[in-house]
Amino acid sequence: MTQLSIFMPSNRNFKASRSAIESALRYAEKADCRFILSDNSGDPEKRRHFEHCSARMTYVVPPNDDALLNHMTALAQVETPFLMPMGDDDEIYLLDGEPRTDLSELPADVIALRPRTHIWTIEKGVIQTERFAISSVDAGERLLEYNEKTKGNNSIYYSLYRTEPFRELFRLFVDHHPTRGGYCDWSLSFSLIAGGRVLYDPATVYRYDLGRWATTQRLADTKALLYRQVGLRDEAEHYTALLRFLDVDCFLEAQFLPLTMPMRHNAKAMNARIALATFLRKVKAEPQAYDADVPGIAEAIGRTADLSAVFEQCLALVERLSPGLGDRYVRFRQAASN
């Protein structure tokens, strides 16, 4: 039985996406897996070339060019126990001579396999290689381990995940998240890692194109655009860690994540220790970047031990980024709980 599907939501034209798609097709042949391409590029050359090119491939065309619809259209085609998201500017390879992991034999507490990831730019080639696993048994400790091991990029998102928790998390995100912003990838990864250990797969190599995240200025411009696209005020960048705290806290309410109550509590507490504490430190260090009343609110949050009360206190802060955002977070948390 085929265990894995690679799914790629693709918006780039034939020339820009060809190498990514062809690498996925080669991998699918060697690894005996499926490849799903949801193509909203509207490029007729791309469709002619790929639509019927392989029995291992499912090619679908969503009705419009919405990025989230493209993602969910691809995800809906997955019928295997494991899946792997892939960008249409990245490449994937299966190395000969390396031991391969049998996905069907993974322990139940393993949520994903992460490949050998080459962080790559067109100007410099491979600038670093990531191989780290997330091996902690406790959900909270996994969040801490990932926070300490990551090197400023979220490339672990492109890993081989158990299909059900991954798909359910994205359904929750698309159906109920207050903004559905493209900046939420870190929150999604932290939530998945809370749900299980991540082992290392040396046989799979993933070339991650840093692209628009490659320089400090392009990184800042892209992040500002992602907030602006979903209607948040320009100063949302100063609230990045707070937004991640709220997102992960809500995602961790979801019962489809395989967590015991103690593990869920530990993960929530660690999320506050990592994300919320980062925000509070930033406010203290740069009070001039915030409205005049924010430092006082932040100080009060820092004195509050109860996480439910902290969540409530944070709503007034995000409300200033977009009218009604606090209420939308309340509804999001309720939806996750249910």
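The values are calculated or read from the model by the stated rules, or taken from the named source; none is laboratory data. In this text, all values refer to a predicted model and were calculated from it rather than measured experimentally. Cβ coordinates were reconstructed from backbone atoms using ideal geometry, including for glycine residues, and neighbour counts include every protein chain displayed. Side chains included, ligands, DNA and RNA excluded: accessible areas come from the protein's heavy atoms. Shrake-Rupley method; radii C 1.70, N 1.55, O 1.52, S 1.80 Å.
Numbers below:
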{"read-out": "Solvent-accessible heavy-atom area per residue, rounded to whole Å², over region 275-326 at 1.4 Å", "value": "49"}
{"read-out": "Net charge contributed by nearby residues that have their C-beta within less than 13 Å of A31 (K/R +1, D/E -1)", "value": "-1"}
{"read-out": "Protection proxy ranking, peptides 31-37, 298-304, average beta carbon neighbours within 10 Å, highest first", "value": "31-37, 298-304"}
{"read-out": "Mean Cβ count within 10 Å, highest first, over the residues of peptides 278-291, 315-328", "value": "315-328, 278-291"}
{"read-out": "In sequence order, calculated HN-Hα J values of region 295-306 (Karplus, 6.51, -1.76, 1.60; Hz; x Gly/Pro)", "value": "x, x, 5, 4, 5, 5, 4, x, 8, 9, 8, 7"}
{"read-out": "Local electrostatic count at W120 - Lys and Arg +1, Asp and Glu -1, tallied over other residues with Cβ under 12 Å", "value": "-4"}
{"read-out": "DSSP-defined beta bridges in region 70-213 - what % are antiparallel, rounded to 5", "value": "60"}
{"read-out": "Counted charge near S136, where neighbours are those whose Cβ lies closer than 12 Å (Asp, Glu -1; Lys, Arg +1)", "value": "-2"}
